[in-house]
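Enquirer: Below you will find the structure I want to go over with you.
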């Protein structure tokens with residue numbers, strides 16, 4: 001009697017669940033691992049139909065267990081069976097998301113075939129988000145026609161590719177609805193062109209084949225571009241007329257870097273710890289920073305403050321490398337004893353033409369210096385012969401500085417007061 005009651009109760013629960021609206025059942029499926037959501041399909045024909053119309057494909061290798069070879073076989077079989085059951089004619093609306101997470105070193109040629117089948121399936125079913133997070137020793141090779149179809153999809157809004165080999169050196173992405181593009185640890189691409197009017201974020205990281213002279217990243221983007229740790233990059237052209245913010249992380253050896261972004265006023269630079277010769281580092285840093293001369297707001301992050309304090313011998317003739325900069329932020333985890341703030345301020349004044357504000361985050365401590373300028377007519381002509389000859393906007397040397405200092409201890413404040421007193425003579 002007890003067993004019959006349990007069966008009746010289970011049948012009632014299944015019936016009640018089946019009677020829920022389709023969008024609610026899909027919402028519930030979103031909150032369970034995909035290989036568990038598949039189990040809905042065996043409960044009834046109604047739930048099988050619900051699963052076949054579920055607009056998400058999420059294949060995560062970490063959810064599978066077993067020995068090494070068995071785990072791979074199970075994972076691949078699961079992908080193939082899913083694609084086989086979800087024939088294009090059974091899906092009555094676009095895929096919202098295709099995601100593959102494969103954090104394993106093992107990758108053979110059979111995987112290339114599987115991923116290509118999966119990618120083509122997603123493209124044919126108008127996938128809106130495609131995320132391939134592959135972490136292997138080698139790369140996923142896709143045929144050029146598959147990449148061409150992917151890069152010209154009319155429905156794609158998010159594209160995230162990791163560990164792919166582009167068989168075409170000049171990659172052109174023409175997805176009209178694309179909002180977010182992430183290309184990480186990929187090979188083969190020497191030139192990347194993004195022409196998508198709706199794109200808001202582009203991130204290119206660890207792409208070592210961006211190595212040749214005049215490697216080009218051309219984006220039609222109105223939000224943020226990130227270029228991270230493309231270690232072999234030596235020269236670059238970033239063409240982004242609508243860009244609002246640029247993020248760069250990597251070596252200062254990339255110069256010249258042509259940044260063709262007239263509307264972009266904000267940039268952030270994250271430098272690695274100095275590992276090369278002292279003179280070579282500062283020579284590269286000077287030339288690298290000069291590529292950001294038209295940015296008004298510039299954030300520079302480094303491990304050690306002293307790696308930003310460019311020696312005077314590299315700064316000749318009072319040249320202002322950062323001519324348009326108004327607000328400079330410096331972030332560092334290392335704060336040595338001595339006079340780091342005073343020395344840093346002194347060097348920044350040699351770099352910046354006419355700053356309005358310096359902000360420092362040194363070992364988590366925030367300090368700010370705000371500047372106001374008053375005419376200093378007595379020295380204007382004498383100074384002009386040395387620094388601003390023929391330049392309409394005069395540098396800070398032509399004015400009396402009025403400084404508001406906050407967040408600095410008394411000892412450091414005294415050093416800064418002496419520095420600015422000297423500047424005002």
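Enquirer: Only one of these conditions is not met by residue 137: (1) in a loop (DSSP other than H, G, I, E, B); (2) within 28 Å of residue 239 (Cβ to Cβ). Which number is it?
Expert: (2)
Enquirer: Tell me which of these residue 144 doesn't satisfy, since it passes every other one: (1) surrounded by fewer than 17 Cβ atoms within 10 Å (Cβ to Cβ); (2) touching a residue at least 40 places away in the same chain (Cβ under 8 Å).
Expert: Condition not satisfied by residue 144: (2).
Enquirer: Being in contact with a helix residue (DSSP H, G or I) (Cβ under 9 Å, 6 or more places away or on another chain) and farther than 20 Å from residue 321 by Cβ is the filter here, so list the residues in segment 343-372 that pass it.
Expert: 362, 367
A quick yes/no check of all residues on (1) crowded, with 20+ Cβ neighbours inside 10 Å; (2) out of contact with any helix residue (DSSP H, G or I) (no Cβ under 8 Å at 6 or more places or on another chain); (3) in contact (Cβ under 8 Å) with a residue 12 or more places away in the chain:
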{"position": "164", "(1), (2), (3)": "yes, yes, yes"}
{"position": "170", "(1), (2), (3)": "no, yes, yes"}
{"position": "174", "(1), (2), (3)": "no, no, yes"}
{"position": "182", "(1), (2), (3)": "no, yes, yes"}
{"position": "185", "(1), (2), (3)": "no, yes, yes"}
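Enquirer: I'd like the full set of residues that are surrounded by 16 or more Cβ atoms within 10 Å (Cβ to Cβ) and either touching a residue at least 60 places away in the same chain (Cβ under 8 Å) or closer than 13 Å to residue 292 by Cβ (or both), limited to segment 244-258.
Expert: The answer is 245, 246, 247, 248, 252, 254, 255, 257.
Enquirer: Specify the residue that is farthest from residue 136 (Cα to Cα); the eligible residues are those in segment 163-174 that are assigned to a loop (DSSP other than H, G, I, E, B) and over 19 Å from the mean Cα position of the chain (by Cα).
Expert: By that ranking, first place goes to 174.
Enquirer: Check residue 381 against each of (1) modelled with pLDDT under 85; (2) touching a helix residue (DSSP H, G or I) at 6+ places or on another chain (Cβ under 7 Å) and name the one condition it does not meet.
Expert: In the conditions (1) modelled with pLDDT under 85; (2) touching a helix residue (DSSP H, G or I) at 6+ places or on another chain (Cβ under 7 Å), residue 381 misses (2) alone.
Enquirer: Scanning for something closer than 30 Å to residue 195 by Cβ, in contact with a helix residue (DSSP H, G or I) (Cβ under 7 Å, 6 or more places away or on another chain) and outside any helix (DSSP H, G or I), does segment 68-90 turn up at least one residue?
Expert: No, that holds for no residue.
The values are calculated or read from the model by the stated rules, or taken from the named source; none is laboratory data. Since the model is a prediction, treat every value here as computed from it, not as a measurement. Positions of Cβ are generated from backbone atoms using ideal geometry, with glycine treated the same way; all protein chains shown enter the neighbour counts.
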